[in-house]
Amino acid sequence: MELVTAEPLFDPTTLLSDGEEAFENSAIMAVFDPDELSFELGIWLAGLDSFLKQGDQTFSDKNRPTEATGDWSRECRLTRAALLNASKLTFRLRKAVAGPIPTEGDIAVNGYSTSELDDFALVLRDTIVLNESVIGAAKSLNFADWRAWSSILSEKLDASPVYHKLIRGTRHGGANFLPTKLKELMTQGSIPFADEVDLQMILPQFGTILGTLGIVGKMLRNDEPLKPSLIIFARVYELTNDLITHMNNRLSRYPNEEAAMFDSLDGASYTASLELRKVFSQELTGLVGIRPVPSVFARVETAYELLSDSFRQILAGFARVVDSDILPAEVFPNFQTKLEQSLLLRQNLWKSLKAVQAAEQEPDKTHLEAVGVELREFLERTISFIFHKDRETFERFSEEIFATGEKKDIVPILHRFGAYIETLLAQVNMRTVLAEYPFDPSAK
């Protein structure tokens, strides 16, 4: 990206690529909501703070070289991507604050004035220029270079009042991401006061996490570069760990271990810890060094879905503290769709597995044709219900089976495919929406 000299107050060409600038200055302007912009901007900045503090330890690969000999240029490029996103969002927020009609003087909306945002835009511009210099100065960066850059970036951002204001805003806006039904339940006042206080503190924090994950979801839907999402995940990691600590401290002082609220807190803490460990020790580990785009997409999609589903299930559990008869689908309407898809997926995987195992034992024409029928049915109707990383493997096995005509060649393929389907079936059974629906192979 080419950077040019800024005008005295605000020059968007210092913040945007040529294509982005053309879009922003087109005759048909997109209308951006200041609340949404300030939240997303605050999350990118908070994510940077978390990423710099963690020093990539959250996503580090166990096989990575030691800090003294490793190359940290990839982490530096991630901070560059985050700063560019922050610059774009600052520009949009500034325009949303100023309004469509130019006016003279300073304007303040949602706690941000145009002059404050102009000053912050210049801070971001300076850090981007410095980042470009750091990346361009050498082919690789050692750990000392990375720590020096992290310290400088932290100091420059920390000196800006807008930076702190935006990050605080992300914590205060968590209730906006809670489902309407859950917020309605909280107004009924039908639970003990102590439980209500706990929920008033915990639920908005889960809302902030869901809103943060929503930014990753938008990146997935818009087919944006996904490695920068590690900056967002760094924030999710910190927020979730803080919330788990808070819930565990509350559990240690809870007076009645038989209460519904105690069970919900205990379950929430356990589930959040389990999913966090699963995502950050498996799906996102070493992602910063992975190059193939499909692999990056698959891992980010899986991490996003696992965390989003588990946190929604936790919130549905808290809703049952207020109303024991409420169903998860009443809190999150899309739960019913996911449940139906997961039930159908599980049943079809089981049918495919039985057909493959039968053909492996007796690879005659009848059994092989039955495998073909099940696979075509699955590929046409059900494969979209599994994660992207599993679709490619399933399709590859299917193609091998369709293309193999010799019995002696197809039996080993069927054996490997059967083992894979068993593993996939076990993973599907672990989905949170199926927690109350144990698998019954005889069910139709």
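The values are calculated or read from the model by the stated rules, or taken from the named source; none is laboratory data. All values derive from a computational prediction rather than experimental measurement. Reconstructed Cβ throughout: ideal geometry from the backbone, glycine too, with neighbour counts over all protein chains shown.
A few notes on this one:
- Checking G105, G70, G111 one by one, the residue that is of a type in the set (G, A, S) and at pLDDT below 55 is G105 and no other.
- Considering residues of the range 397-442 that are within 20 Å of E369 (Cβ to Cβ) and outside any helix (DSSP H, G or I) only, the residue modelled with the lowest pLDDT: G405
- Within the range 157-191, considering residues that are more than 18 Å from T208 (Cβ to Cβ), outside the structural domain of F120 (by TED's automatic domain parsing) and without any contact (Cβ under 8 Å) to a residue 12 or more places away in the chain, the one nearest to the chain's Cα centre (by Cα): E184
- Single match in S308, S295 (criterion: in the same structural domain as L203 (by TED's automatic domain parsing) and farther than 30 Å from Q205 by Cα): S295
- Only residues that are under 16 Å from R235 (Cα atoms) and either hydrophobic (A, V, I, L, M, F, W, C) or modelled with pLDDT of 90 or more (or both) were counted in the range 266-286, giving 8.
- Helices (runs of 4 or more DSSP H) enclosed by the range 327-392 - at least 2 residues per element that are among the β-branched types (V, I, T) and farther than 30 Å from T180 by Cα: 365-381
- Verdict on R250 being assigned to a helix (DSSP H, G or I), surrounded by 15 or more Cβ atoms within 10 Å (Cβ to Cβ), at pLDDT below 95 and among the basic types (K, R): yes
- Residues satisfying the criterion are present in the range 145-154 (criterion: over 26 Å from the mean Cα position of the chain (by Cα) and over 22 Å from G289 (Cα atoms)).
So that you can scan it fast, the table gives a plain yes or no per residue for (1) over 15 Å from E422 (Cβ atoms); (2) among the polar types (S, T, N, Q); (3) modelled with pLDDT under 90:
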{"residue": "S310", "(1), (2), (3)": "yes, yes, no"}
{"residue": "A319", "(1), (2), (3)": "yes, no, no"}
{"residue": "R346", "(1), (2), (3)": "no, no, no"}
{"residue": "L353", "(1), (2), (3)": "no, no, no"}
{"residue": "Q357", "(1), (2), (3)": "no, yes, no"}
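- Verdict on M261 being more than 17 Å from L48 (Cα to Cα), surrounded by 14 or more Cβ atoms within 10 Å (Cβ to Cβ), within 24 Å of the chain's Cα centre (by Cα) and hydrophobic (A, V, I, L, M, F, W, C): no
- Residue in the range 301-320 that is part of a helix (DSSP H, G or I), in contact with a Pro (Cβ under 9 Å, 6 or more places away or on another chain) and among the aromatic types (F, W, Y) present: no
- Among (1) over 21 Å from S38 (Cα atoms); (2) surrounded by fewer than 19 Cβ atoms within 10 Å (Cβ to Cβ); (3) among the aliphatic types (A, V, I, L, M) - the single one A159 does not satisfy: (1)
- Considering residues of the range 173-195 that are touching a Pro at 6+ places or on another chain (Cβ under 8 Å) and in a helix (DSSP H, G or I) only, the residue surrounded by the fewest Cβ atoms within 10 Å (Cβ to Cβ): A175
- Looking across the range 413-444 at every residue that is of a type in the set (G, A, S) and touching a residue at least 40 places away in the same chain (Cβ under 8 Å), the one that is nearest to L307 (Cα to Cα) is identified as A435.
- The condition of being free of Cβ contacts under 8 Å to residues at least 40 places away in the same chain and hydroxyl-bearing (S, T, Y) does not hold for T285.
- Scoring L349 on the criteria (1) crowded, with 17+ Cβ neighbours inside 10 Å; (2) closer than 30 Å to A260 by Cβ; (3) over 25 Å from the mean Cα position of the chain (by Cα) leaves a single failure, condition (2).
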